[in-house]
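A.B. asks: Input: one structure, supplied below.
The values are calculated or read from the model by the stated rules, or taken from the named source; none is laboratory data. Model, not experiment: these values are computed from the prediction. Backbone-built Cβ (ideal geometry, glycine too); neighbour counts: all protein chains shown. The protein model used for the area step is the full one, side chains on, heavy atoms only, and it has no ligands, DNA or RNA in it. Shrake-Rupley method; radii C 1.70, N 1.55, O 1.52, S 1.80 Å.
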Amino acid sequence: MGEKEETRDKRQETSKDNAPSNPPLKIRGGRGSYDSSQLVATRDAYGEALLELGKKRNNVVVLDADLSASTKTGTFAKVFPERFYNMGISEQDLIGTASGLSLTGKLAFASTFAVFETGRAWEQIRQTVSYSNLNVKLVATHSGITVAEDGASHQAIEDIALMRVLPNMTVIVPADGIETKQVIETIADYNYPVYVRLGRVKVPVIMPEDYKFSIGKAYTFSLGKDANIIACGIMVSVAIKAMEILKENGIDAGVINMSTVKPLDNDAVIKAAKASRLIVTAEEHSIIGGLGGAVCEILTENYPVPVKRIGIKDTFGCSGPAEGLMKLYGLTADDIVRTVKEAIK
Amino acid sequence: MNPISVSRDINFLRRQAKTVRIEILEMLTEAGSGHTGGSLSAADVVTALYFYKMRHNPKDPLWKERDRFILSKGHAAPLLYAALSLSGYFDKSLLGTLRKIGSPLQGHPCSKLLPGVEISTGSLGQGLSIANGIALGLRMDGLNSRVYCLLGDGEIQEGQIWEAAMSASHYSLDNLCAIIDNNGLQIDGCCHDVMTIEPIVNKWIAFGWNVIDINGHDIGAILDALDEAETIKGKPTVIVARTVKGKGVSFFEGKVQYHGVAPTHEELKKALRELEDNG
Ligand SMILES: Cc1ncc(C[n+]2csc(CCOP(=O)(O)OP(=O)(O)O)c2C)c(N)n1
Ligand SMILES: [Mg+2]
């Protein structure tokens, strides 16, 4: 019980550390990082970040379930074979073994596809990682419909909901390569369970090079008077595009990158609601139980304003090219623009 | 290092096992619910671990070089609590709080609440993977500590057990010893009726394990098996402990209905008398 209190305090501290920011939309390139002209898959950034972390700390261990080439943990495995464990195609054993390693003081990263990590091994995560509040990092790739051609069996659209409901669990959805690297570095110093949701496809680099991620702290690109879009993951860059289109149409919209879905940055949500009185959430996930759900929970209890949720509308995905699927499921900038226009009409 | 007297004194260990059984029965009766049969069947094995084989220190539960015990069949929590309390991890009076609000003695073990519990369990099938992870970590750290994991025989119907069985053998975890409490019963009946686990010995051999098949109530045989396991290099060992569910109390023995039922006060009185008379 004491442990739980401690965790909560720690989280509050983390979010206090950061004054609300309204940084300009200027993005600079730089050495050793990514620049705004690049497209980078968050899983690629993960592979690089793991390698860097492994060089800095010799207690980092990485586990995978026969997908190390895809999740990019293979990058770490090549350099540190003695600290990499391939568990074979056995996600439940993956979670248990990572837990055991963490009990001996190792900083364990367990990776596979999001649908298998959070779905197949959900109860292992609940019983062993979350209930015992273990320092296990669950970093899953291939989330959302942009898994694309492999189809619905491989497209995790419910993983945020599955992880968010677990006590002690932190849920982070990085928006780009820069943020992914920051997230991996940051959670290495946070000795509790974390779920990090990464993607397969290359996405625009949108976060400033000097961006500093902290758990539970949203990044506000700008606040609008007419609408504010709270997005996570690959939908942040889509939301920025929508914001620009809306501006051309004389509508003042803002964008907030809510990369930590749990604990949610309640202050940022309420501030955005006060600024615009219309909130749009955008996520590559079911509209049930994910970011949209989390934002609604906070607003209904604290500052009720109309909310429109952009996301997968309680249906499974299907095979096709990622871009086509984003259109098919209503996850484009135009979809956000139309939603905002209709709501403020 | 280890304030627990390490002794091959079989009579002493028999007496300890009897005390463990008495405490299990008393705490379950006081709690009014809980798992009697599977706590009693593994009492001799767990007594041998806590009072003979394992290096551990109740004054320093997180001692780095300790041997680890994972109670994968978490419903046998009363057995673990009795062994921990008798070892000196906490005061005996705490046993009376089992399953009550505010107690660190949860219905199934919670590592966040009770020192000496390595990891929370209760959902069957998960302990062996955790034990593997610990064994890997200890090996990376160059420690000689060993990991013991107690499984139910019904529990090994879980698919994850066989994932972990493969992993332990693949990673040559000779610092790991699993023990199956082979009491032949689960909740809905006999294992061989519900979902057979046979051939139990050959299955583990086929998965690359060293198997030691013993009478799980013969203290001498248990000690020998635990000692032998430590000498086997290059592969994990599993001890198939042939046991009787409810062992020590005639009217509980082999009775599937006493899996998850606590003794009544009347049954407790009779049971204690029996245990006294027999030993
Ligand atoms: C995953 C899971 N499924 C079901 C249960 C419910 N359950 C508790 S004990 C038990 C039977 C266990 O039988 P066995 O492993 O043989 O234990 P023992 O006979 O030693 O009590 C079951 C099904 C559980 N705890 N966990
Ligand atoms: Mg059984």
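A.B. asks: Checking the conditions here, which among B:35, B:56 is touching an Asp or Glu at 6+ places or on another chain (Cβ under 7 Å) and either part of a loop (DSSP other than H, G, I, E, B) or more than 16 Å from ligand 1 (Cβ to nearest atom) (or both)?
C.D. replies: One residue alone meets the criteria, B:56.
A.B. asks: Looking at B:123, B:85, which is the one that is open to solvent by 10 Å² or more (accessible area, probe 1.4 Å) and out of contact with any Leu (no Cβ under 7 Å at 6 or more places or on another chain)? Quick ask: steps written out before the conclusion?
C.D. replies: Values: B:85 fails: out of contact with any Leu (no Cβ under 7 Å at 6 or more places or on another chain).
Going through B:123, B:85 in turn, just one is open to solvent by 10 Å² or more (accessible area, probe 1.4 Å) and out of contact with any Leu (no Cβ under 7 Å at 6 or more places or on another chain): B:123.
A.B. asks: If I ask for residues that are of a type in the set (D, E, K, R) and under 14 Å from residue A:41 (Cβ atoms), which ones from segment A:160-213 would you list? Walk me through it before giving the result.
C.D. replies: Taking segment A:160-213 and keeping what is of a type in the set (D, E, K, R), we get A:164, A:176, A:179, A:181, A:185, A:189, A:197, A:200, A:202, A:209-210, A:212.
Those that are of a type in the set (D, E, K, R) and under 14 Å from residue A:41 (Cβ atoms): A:176, A:179, A:181, A:197, A:200, A:202.
A.B. asks: If you don't mind, there's one more thing I want to ask. Can you confirm whether residue B:211 is touching a residue at least 12 places away in the same chain (Cβ under 8 Å), more than 9 Å from every other protein chain (Cβ to nearest Cβ) and open to solvent by less than 40 Å² (accessible area, probe 1.4 Å)? Explain how you work it out, then say what you get.
C.D. replies: Numbers: touching a residue at least 12 places away in the same chain (Cβ under 8 Å): yes; more than 9 Å from every other protein chain (Cβ to nearest Cβ): yes; open to solvent by less than 40 Å² (accessible area, probe 1.4 Å): yes.
Judged against the criteria, residue B:211 is a match.
A.B. asks: Checking the structure you have, find out if any residue of segment A:64-74 is within 14 Å of chain B (Cβ to nearest Cβ), crowded, with 22+ Cβ neighbours inside 10 Å, part of a loop (DSSP other than H, G, I, E, B) and in contact (Cβ under 8 Å) with a residue 24 or more places away in the chain. I'd like the intermediate steps shown before the answer.
C.D. replies: Quick first cut of segment A:64-74, residues within 14 Å of chain B (Cβ to nearest Cβ) only: A:64-66.
Within this subset, residues satisfying the condition of being crowded, with 22+ Cβ neighbours inside 10 Å are A:64-65.
Going one step further and asking which of them are part of a loop (DSSP other than H, G, I, E, B), we end up with A:65.
Still in the list and also in contact (Cβ under 8 Å) with a residue 24 or more places away in the chain: A:65.
Yes, there is a match, as at least one residue in segment A:64-74 is within 14 Å of chain B (Cβ to nearest Cβ), crowded, with 22+ Cβ neighbours inside 10 Å, part of a loop (DSSP other than H, G, I, E, B) and in contact (Cβ under 8 Å) with a residue 24 or more places away in the chain.
A.B. asks: Oh, and also: Out of all the residues in segment B:141-155, which are more than 16 Å from ligand 2 (Cβ to nearest atom) and either away from chain A (no Cβ under 12 Å) or in contact with a Leu (Cβ under 8 Å, 6 or more places away or on another chain) (or both)? Before you say what the answer is, go through the steps one by one.
C.D. replies: Step one: filter segment B:141-155 for residues more than 16 Å from ligand 2 (Cβ to nearest atom), giving B:141-148.
Across segment B:141-155, the qualifying residues are B:144, B:145, B:146, B:147, B:148.
A.B. asks: Specify which of the listed residues (A:249, A:266, A:228, A:302) is of a type in the set (S, T, N, Q), in contact with a helix residue (DSSP H, G or I) (Cβ under 6 Å, 6 or more places away or on another chain), closer than 19 Å to residue A:344 by Cβ and modelled with pLDDT of 95 or more.
C.D. replies: Numbers: A:249 fails: in contact with a helix residue (DSSP H, G or I) (Cβ under 6 Å, 6 or more places away or on another chain); A:266 fails: closer than 19 Å to residue A:344 by Cβ; A:302 fails: closer than 19 Å to residue A:344 by Cβ.
Within the list A:249, A:266, A:228, A:302, the selection yields A:228.
A.B. asks: Right, another one. Working only within segment A:293-310, note down all residues that are within 20 Å of residue A:169 (Cβ to Cβ) and either touching a Gly at 6+ places or on another chain (Cβ under 6 Å) or open to solvent by 20 Å² or more (accessible area, probe 1.4 Å) (or both). Explain how you work it out, then say what you get.
C.D. replies: Within segment A:293-310, the first condition is being within 20 Å of residue A:169 (Cβ to Cβ), and the residues that meet it are A:293-298.
The answer is A:296, A:297, A:298.
A.B. asks: Which residue out of A:111, A:132 is polar (S, T, N, Q), at pLDDT 95 or above and under 30 Å from residue B:106 (Cβ atoms)?
C.D. replies: Values: A:111 fails: under 30 Å from residue B:106 (Cβ atoms).
The match here is A:132.
A.B. asks: Checking the condition in contact with a strand residue (DSSP E or B) (Cβ under 8 Å, 6 or more places away or on another chain) and either of a type in the set (D, E, K, R) or over 17 Å from residue B:222 (Cα atoms) (or both), which residue from B:72, B:85 passes? I'd like the intermediate steps shown before the answer.
C.D. replies: Numbers: B:85 fails: in contact with a strand residue (DSSP E or B) (Cβ under 8 Å, 6 or more places away or on another chain).
When all the criteria are applied, what remains is B:72.
Let's see how each residue does on (1) at pLDDT below 95; (2) in contact with an Asp or Glu (Cβ under 7 Å, 6 or more places away or on another chain):
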{"residue": "A:8", "(1), (2)": "yes, no"}
{"residue": "A:14", "(1), (2)": "yes, no"}
{"residue": "A:28", "(1), (2)": "yes, yes"}
{"residue": "A:52", "(1), (2)": "no, no"}
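A.B. asks: Let me ask something else. So which residues in segment B:88-104 are closer than 22 Å to residue A:130 by Cα and either more than 10 Å from chain A (Cβ to nearest Cβ) or surrounded by fewer than 16 Cβ atoms within 10 Å (Cβ to Cβ) (or both)?
C.D. replies: Initially, segment B:88-104 is screened for residues closer than 22 Å to residue A:130 by Cα, giving B:99, B:101-104.
Hits for segment B:88-104 are B:99, B:101, B:102, B:103.
A.B. asks: Taking segment A:75-88, which residues are more than 9 Å from chain B (Cβ to nearest Cβ) and in a helix (DSSP H, G or I)?
C.D. replies: Answer for segment A:75-88, where residues must be more than 9 Å from chain B (Cβ to nearest Cβ) and in a helix (DSSP H, G or I): A:75, A:76, A:77, A:78, A:79, A:81.
A.B. asks: Within segment B:211-234, how many residues are in contact with a Ser or Thr (Cβ under 6 Å, 6 or more places away or on another chain) and either aliphatic (A, V, I, L, M) or closer than 17 Å to residue B:171 by Cα (or both)?
C.D. replies: Result for segment B:211-234: 2.
A.B. asks: Taking the stated definitions as given, is residue B:48 away from chain A (no Cβ under 14 Å), open to solvent by less than 10 Å² (accessible area, probe 1.4 Å), part of a helix (DSSP H, G or I) and more than 16 Å from ligand 1 (Cβ to nearest atom)?
C.D. replies: Details: away from chain A (no Cβ under 14 Å): yes; open to solvent by less than 10 Å² (accessible area, probe 1.4 Å): yes; part of a helix (DSSP H, G or I): yes; more than 16 Å from ligand 1 (Cβ to nearest atom): yes.
Against the criterion (away from chain A (no Cβ under 14 Å), open to solvent by less than 10 Å² (accessible area, probe 1.4 Å), part of a helix (DSSP H, G or I) and more than 16 Å from ligand 1 (Cβ to nearest atom)), residue B:48 qualifies.
A.B. asks: Across segment B:131-178, what is the total count of residues that are within 16 Å of ligand 1 (Cβ to nearest atom), part of a loop (DSSP other than H, G, I, E, B) and crowded, with 24+ Cβ neighbours inside 10 Å?
C.D. replies: 2
A.B. asks: Here's a follow-up. Out of all the residues in segment B:161-179, is one or more within 14 Å of chain A (Cβ to nearest Cβ) and of a type in the set (D, E, K, R)? Lay out the reasoning, then the answer.
C.D. replies: Narrowing segment B:161-179 to residues within 14 Å of chain A (Cβ to nearest Cβ): B:161-173, B:175-176, B:178.
In the following step, the residues that additionally are of a type in the set (D, E, K, R) were identified as B:163.
Checked against the condition, which is being within 14 Å of chain A (Cβ to nearest Cβ) and of a type in the set (D, E, K, R), segment B:161-179 yields at least one hit.
A.B. asks: Mind checking which residues of segment A:123-151 are open to solvent by 10 Å² or more (accessible area, probe 1.4 Å), within 14 Å of chain B (Cβ to nearest Cβ) and assigned to a helix (DSSP H, G or I)?
C.D. replies: Within segment A:123-151, A:123, A:124, A:126, A:127 qualify.
A.B. asks: Just give me the residues in segment B:105-118 being more than 9 Å from chain A (Cβ to nearest Cβ) and open to solvent by less than 50 Å² (accessible area, probe 1.4 Å), in sequence order. Before the answer, list the steps.
C.D. replies: Residues of segment B:105-118 more than 9 Å from chain A (Cβ to nearest Cβ): B:105-109, B:114-117.
The answer is B:105, B:107, B:109, B:114, B:116, B:117.
A.B. asks: Search segment B:119-136 for residues that are facing chain A (nearest Cβ under 7 Å) and without any contact (Cβ under 8 Å) to a residue 24 or more places away in the chain and pair each with any residue that is open to solvent by less than 10 Å² (accessible area, probe 1.4 Å) and hydrophobic (A, V, I, L, M, F, W, C) when their beta-carbon atoms are under 8 Å apart and the residues are at least 6 apart or on different chains.
C.D. replies: Pairs found: B:133/A:98; B:133/A:101; B:133/A:108.
Okay, residues lined up against (1) within 16 Å of ligand 2 (Cβ to nearest atom); (2) open to solvent by less than 60 Å² (accessible area, probe 1.4 Å); (3) modelled with pLDDT under 95:
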{"position": "B:180", "(1), (2), (3)": "yes, yes, no"}
{"position": "B:187", "(1), (2), (3)": "yes, no, no"}
{"position": "B:197", "(1), (2), (3)": "yes, yes, no"}
{"position": "B:217", "(1), (2), (3)": "yes, yes, no"}
{"position": "B:224", "(1), (2), (3)": "no, no, no"}
{"position": "B:245", "(1), (2), (3)": "yes, yes, no"}
{"position": "B:250", "(1), (2), (3)": "no, no, no"}
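A.B. asks: Output the residues belonging to segment A:216-235 that are part of a loop (DSSP other than H, G, I, E, B) and open to solvent by less than 20 Å² (accessible area, probe 1.4 Å).
C.D. replies: Of all residues in segment A:216-235, those part of a loop (DSSP other than H, G, I, E, B) come to A:216-218, A:223-226, A:232-234.
Answer for segment A:216-235, where residues must be part of a loop (DSSP other than H, G, I, E, B) and open to solvent by less than 20 Å² (accessible area, probe 1.4 Å): A:216, A:218, A:224, A:232, A:233.
A.B. asks: Pull up segment A:89-112, narrow it to residues that are farther than 12 Å from residue A:135 by Cα and facing chain B (nearest Cβ under 7 Å), then point me to the one that is most open to solvent (accessible area, probe 1.4 Å). It would help to see each step written out before you state the result.
C.D. replies: Going through segment A:89-112, the residues farther than 12 Å from residue A:135 by Cα turn out to be A:89-94, A:96-97, A:111-112.
Going one step further and asking which of them are facing chain B (nearest Cβ under 7 Å), we end up with A:90, A:92-93, A:96-97.
Details: A:90: 7, A:92: 35, A:93: 0, A:96: 3, A:97: 0 Å².
Across segment A:89-112, the extreme among qualifying residues is A:92.
A.B. asks: While we're on this one: Within segment B:51-76, how many residues turn out to be within 16 Å of ligand 2 (Cβ to nearest atom) and more than 14 Å from chain A (Cβ to nearest Cβ)?
C.D. replies: Filtering segment B:51-76 down to residues within 16 Å of ligand 2 (Cβ to nearest atom) leaves B:71-76.
Keeping just the survivors that are more than 14 Å from chain A (Cβ to nearest Cβ) gives B:76.
Adding up the residues that qualify gives 1.
A.B. asks: Here is a further query. Select from segment A:241-280 the residues that are part of a helix (DSSP H, G or I), β-branched (Val, Ile, Thr) and surrounded by fewer than 23 Cβ atoms within 10 Å (Cβ to Cβ) and list them in ascending order. Steps first, please.
C.D. replies: As a first pass, look at segment A:241-280 and keep what is part of a helix (DSSP H, G or I): A:241-248, A:266-276.
Of the ones still in play, those that are also β-branched (Val, Ile, Thr) are A:245, A:269-270.
Of everything in segment A:241-280, those that are part of a helix (DSSP H, G or I), β-branched (Val, Ile, Thr) and surrounded by fewer than 23 Cβ atoms within 10 Å (Cβ to Cβ) turn out to be A:245, A:270.
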